[in-house]
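Novice: Take this structure first; my questions come after.
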There are 2 protein chains.
Amino acid sequence: MEKTPSGLRAHIGFLGRTNAGKSALVNALAGIEASLVSPQPGTTTDPVRIPMEFPDLGAVTLLDTAGLLDDTPLGTLREERTRQALRELDLAVMLLTSADWAKEGEMVQLLQKENIPCLFVVPQMDLRSPAPLLAKIRAEFHAEAVPVSIYDPASLAALRERIREFLRPEERWITKGIASADDLVVLVMPQDASAPKGRLILPQVQTLRELLDRGIPALCVTPQTLIKTLEALREPPEVIITDSQCFNQVAPLVPSGTKLTSFSILFASYKGDAQELARGARILATLKESSRVLIAEACTHAPKEEDIGTVKIPALLRQRIGSGLTIDHVRGSQWPHPLEDYDLIIQCGSCMFNRAHVLHRIQEARRAKVPITNYGMALAYLTGILDRVDLGEGTVPLPDEKA
Amino acid sequence: MEKTPSGLRAHIGFLGRTNAGKSALVNALAGIEASLVSPQPGTTTDPVRIPMEFPDLGAVTLLDTAGLLDDTPLGTLREERTRQALRELDLAVMLLTSADWAKEGEMVQLLQKENIPCLFVVPQMDLRSPAPLLAKIRAEFHAEAVPVSIYDPASLAALRERIREFLRPEERWITKGIASADDLVVLVMPQDASAPKGRLILPQVQTLRELLDRGIPALCVTPQTLIKTLEALREPPEVIITDSQCFNQVAPLVPSGTKLTSFSILFASYKGDAQELARGARILATLKESSRVLIAEACTHAPKEEDIGTVKIPALLRQRIGSGLTIDHVRGSQWPHPLEDYDLIIQCGSCMFNRAHVLHRIQEARRAKVPITNYGMALAYLTGILDRVDLGEGTVPLPDEKA
């Protein structure tokens, strides 16, 4: 079986100066009850990523970000690389050893600006008493650090417990707030005949697996067989989750009292901020033919045939707003500059990005004061059912920008 | 999305001497309406494998078996390699150009012995009239060859139609004879908490995708929620397909009139010969403590924890037959010699092998006069429900050995 996809993993970055013991700590954490999947050596500028499955933390990726706090000056290019590495972090673990924390202070400010929680660690407590550093961290950063030694399993367990408190893996459910234990969920999964036989797309597999893990029965149907299937049930299902592309076909068939949502809206809640993305979709009502829209696709592969981002959404936009509407496309993780020139950003479903990465993009859009939505929300709006769908509550909304 | 797994593909080998035009023909076939997924260059002894998705043929792998018919002597080692390459073929396409067909005649005999159908092709019909060769093939091999030119699309279409007649992709359904269009199917899919989050095992995904392709609703449940789910249906489902490992839990809950089978039994029918494998399982009744059992696992990866082939089945066998039972294990595609020393072979579910490969293994067992079964059939027998399960009819049984 393949490993958990990167987009579902919590990413934990380990920051600290060379010789602070980052790699030793990462290896020690990896050694306890965890299965090392496969280390992926980075390039000189990329951090080393170690995907792991912990019983208590779930699927995580540990990032060993070498030398980010070393004494080389944080030039513009270096700082940009640092920010890029930070973008995908759900949690930063900062190892503090030296007494001069000028660089560390800069980094803490940067993390705050990026809304990335930071957990302080005092390593090598077997070599020296951690008490003075713990006190100094309390004074300078107003935080309670964790003293650890890689030779003391109890200290490592305490660190993992603190990490767990930050990540709250039990709250990272795709279907949280949408389906509960006694429900029956219908999944509407249209299959593209040209898609490889014997496979299902990732969001469908991820949602189904999660429902099974939660003990919730999932009735998988195509749009064509939905009516017949609903008739086979004694009671209407509590929830129908559909592929966004067949909203129009599915919406009229949904019994009253049954929640309706889509895979992409659930993933918007799970990985981003559904309320903000829904607000972004409603901006579509205000766009004019002279407006500029940016469509951002995470995957760099070329689409084979009719593609949701390059064909379907542009056609719906031009039909509604006017054929002269400017629509630009970007692929991968880079955004064009200046972002401020756009009136709306429509981001893909982000099955390849993790939550931290999506939140970072929302934040960049906020800073540029450009509304942002995603494929699923945009389609829900354009097909007139945004107000009928359930936005879920997979994770808490993104906090407002720090002052 | 990932490509169709190799185990679901029909493998078509192109045989012919160097310069017969094998590669040109493979490329020409690949060029028409097909999407080249990714060529996988072979080593010097392995054929080049080109996975493709054809609208009419489904997912196939084209094997360019360079030089198998060249004038180098077919020594023992070379012949063994040839046989290995042939093992996985569902169809051999043999290009005939020269007039001396001594090697080709040997190859035709070998294909017959291995039960591999052979389609003769006369290439380069644009350069010379194919009529004399077509007549000679009729006389020597009692077969109607297909004349082709890579520059003549009609001839390539005719070749594909002939290939389709051999492969019969419309008959290659996992759930054929088990579920039909108006059915509702329940899939019992226990999830191993230690398995990577966000993934499902391949046979579950393949079966679900096929049911959706066929417009058959699939209700996915865990063993714990099966009762509750059955109560939510107005009528009992037509079919319950369960993971073999929870046969005991599921069997008592199956309503009368509902067919019961397992993923591994369906795959035994789809990829092998369910009747033969069921006969093999019944041999378990005759084994004694002095018997020798071979357990053959296709995957070469080491199992993480309790493994069906290394722990579960051996424990059930020893409990039933005696603790002194000899159980040997092999991994990968090699079998030990002499195979004749064993009283029973238990083969894994073979999700990594294609149908031709599984049939080849059944045939090798037949030649050694050793009964063969697989994990699913063995578990069904050992848990006492082999006579209650439906064996499916995914594909026709393996024909008896040619005289």
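Coordinate-derived values only; no laboratory data. Since the model is a prediction, treat every value here as computed from it, not as a measurement. In this analysis, Cβ positions are derived from the backbone assuming ideal geometry, glycine residues included, and neighbour counts consider all displayed protein chains.
Novice: What list of ³J(HN,Hα) values in whole Hz, one per residue of the range B:202-210 in order, does the Karplus curve 6.51 cos²θ - 1.76 cosθ + 1.60 (θ = phi - 60°) give from phi, with Gly and Pro shown as x?
Specialist: 3J(HN,Hα) across the range B:202-210, in whole Hz: 3, x, 5, 5, 5, 5, 4, 4, 5.
Novice: To continue, here is another question. Give me B:T310, A:T242 sorted ascending by neighbouring Cβ count inside 10 Å, so fewest comes first.
Specialist: B:T310, A:T242
Novice: Would you mind checking which residues have amide H under 5 Å from A:V146's amide H? H placed 1.01 Å from N; only 5 or more apart, or other chain.
Specialist: Here A:F120, A:V121, A:V122 satisfy the definition.
Novice: Using Cα pairs closer than 8 Å and at least 6 residues apart in sequence, work out the relative contact order for the range B:82-128, in percent.
Specialist: The normalised contact order for the range B:82-128 reaches 52 percent.
Novice: Right, here's the next one. If you take every residue apart from A:A145 with its C-beta less than 13 Å away from the C-beta of A:A145, what net charge results, scoring Lys and Arg +1 and Asp and Glu -1?
Specialist: Here the count lands on 0.
Novice: Is the shape of the range B:185-265 best called rounded, prolate or oblate, per the rule: a/c under 1.5 gives rounded, else a/b larger than b/c gives prolate, else oblate, with a ≥ b ≥ c the square roots of the Cα gyration tensor eigenvalues?
Specialist: Taking the square roots of the gyration eigenvalues as a ≥ b ≥ c, the range B:185-265 is oblate.
Novice: Given H placed 1.01 Å from N in the peptide plane, which residues other than close sequence neighbours of A:R292 have an amide H under 5 Å from its amide H?
Specialist: Sorted by chain and number, the residues that satisfy this are A:D343, A:L344.
Novice: Distances in nm, one decimal, shortest first, from B:E289 to the same residue in every other copy, taking the label point 7 angstrom along Cα→Cβ.
Specialist: B:E289 label point versus its equivalents elsewhere: 9.2 nm.
Novice: The range A:214-231 to the range A:256-291: how many Å between their Cα centroids?
Specialist: Cα centroid of the range A:214-231 versus Cα centroid of the range A:256-291: 24 Å apart.
Novice: Could you list the trypsin sites (Lys or Arg not before Pro) in the range B:96-140 that lie in coil according to DSSP, counting only those with at most 12 other Cβ atoms within 10 Å of their Cβ?
Specialist: Here the sparse-neighbourhood loop sites are B:R128.
Novice: Let me make sure I get this right: for the range B:86-217, a, b and c are the square roots of the gyration tensor eigenvalues over alpha carbons, sorted descending. Under 1.5 in a/c it's rounded, otherwise prolate if a/b > b/c, else oblate. Which is it?
Specialist: prolate
Novice: Additional query: Is the shape of the range A:273-401 rounded, prolate or oblate, going by the alpha carbon gyration tensor and its root eigenvalues a ≥ b ≥ c, with a/c under 1.5 for rounded and a/b larger than b/c for prolate?
Specialist: Judged from the Cα gyration tensor, the range A:273-401 comes out rounded (a/c under 1.5).
Novice: How far apart are the B:D192 label points across copies, placing each 7 Å from Cα toward Cβ, in nm, shortest first?
Specialist: 3.1
Novice: Follow-up. Which of the residue pairs A:K176/A:K271; A:K197/B:K259; A:K113/A:K271 have a Cα-Cα distance greater than 21 Å in the structure shown?
Specialist: Exceeds cut-off: A:K197/B:K259.
Novice: Hey, can you grab everything whose amide H is under 5 Å from the amide H of A:L233? Only 5+ residues off in sequence or another chain; H modelled, so Pro and N-termini drop out.
Specialist: Amide H to amide H, under 5 Å and 5 or more residues apart or across chains, A:L233 pairs with B:R234.
Novice: State the residue of chain A whose Cβ is nearest the axis carrying A onto B, and the distance in whole angstrom.
Specialist: A:L219, 2
Novice: How far apart are the B:P236 label points across copies, placing each 7 Å from Cα toward Cβ, in nm, shortest first?
Specialist: Ordered by distance, the counterparts are at 3.0 nm.
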